[in-house]
């Protein structure tokens, strides 16, 4: 899973709806740039010529501030500490939802972000993988009492 996807999922969990609701891939791209702003000229150079031509011929959008995309009222807030968490969550979203992947926060940077460090446990992240599932279990014949 990449950071963009995690940012979209987090944003959708916070807002309770799809954040870039498009009817197809072109409309979805339009929704992204309308909300996040037209990508930089450096990013445009990385695009295939046909895609670059399309983007360059679209209206230019400055983007919407993250304070407007993710207003305070959508975050639960009962204390000043909650307001700090709101600010940190919004900051993390602003670093994950960056169109240019070269400018986006990395996984390691995200794991060190103040919003994440509250829950991040290195021992858990570095733990050995869980036991591999044994599909033969599904193929075994057992009496009903054995399955119970």
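Results for (1) over 22 Å from residue 3 (Cα atoms); (2) touching a residue at least 40 places away in the same chain (Cβ under 8 Å), shown as yes or no for each residue.
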residue: 64; (1), (2): no, no
residue: 67; (1), (2): no, no
residue: 93; (1), (2): no, yes
residue: 132; (1), (2): yes, no
residue: 137; (1), (2): yes, no
residue: 144; (1), (2): yes, no
Answer with yes or no whether residue 64 is at pLDDT 95 or above, surrounded by fewer than 14 Cβ atoms within 10 Å (Cβ to Cβ), touching a helix residue (DSSP H, G or I) at 6+ places or on another chain (Cβ under 8 Å) and on the phi < 0 side of the Ramachandran plot.
yes
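So is residue 48 under 17 Å from residue 99 (Cβ atoms) and surrounded by fewer than 12 Cβ atoms within 10 Å (Cβ to Cβ) or not?
yes
Hey, among the residues in the range 13-23 that are assigned to a loop (DSSP other than H, G, I, E, B) and in contact (Cβ under 8 Å) with a residue 24 or more places away in the chain, which one's surrounded by the most Cβ atoms within 10 Å (Cβ to Cβ)?
Top of the filtered list is 19.
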Of the residues in the range 67-81 that are surrounded by 13 or more Cβ atoms within 10 Å (Cβ to Cβ) and at pLDDT below 90, the one that is farthest from residue 37 (Cα to Cα) is 77
Matching residues in the range 24-45 (part of a helix (DSSP H, G or I) and farther than 23 Å from residue 68 by Cβ) number 6
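Kindly indicate the residue of the range 32-45 that is surrounded by fewer than 11 Cβ atoms within 10 Å (Cβ to Cβ) and either out of contact with any helix residue (DSSP H, G or I) (no Cβ under 8 Å at 6 or more places or on another chain) or touching a residue at least 40 places away in the same chain (Cβ under 8 Å) (or both) and also nearest to residue 103 (Cα to Cα) among those meeting that condition.
42
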Checking residue 57 against (1) within 30 Å of residue 111 (Cα to Cα); (2) loosely packed, with under 12 Cβ neighbours inside 10 Å, which test does it fail?
(1)
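The values are calculated or read from the model by the stated rules, or taken from the named source; none is laboratory data. Computed from a predicted structure; not experimentally measured. Glycine also receives a Cβ, built like all others from the backbone with ideal geometry; neighbour counts cover every protein chain displayed.
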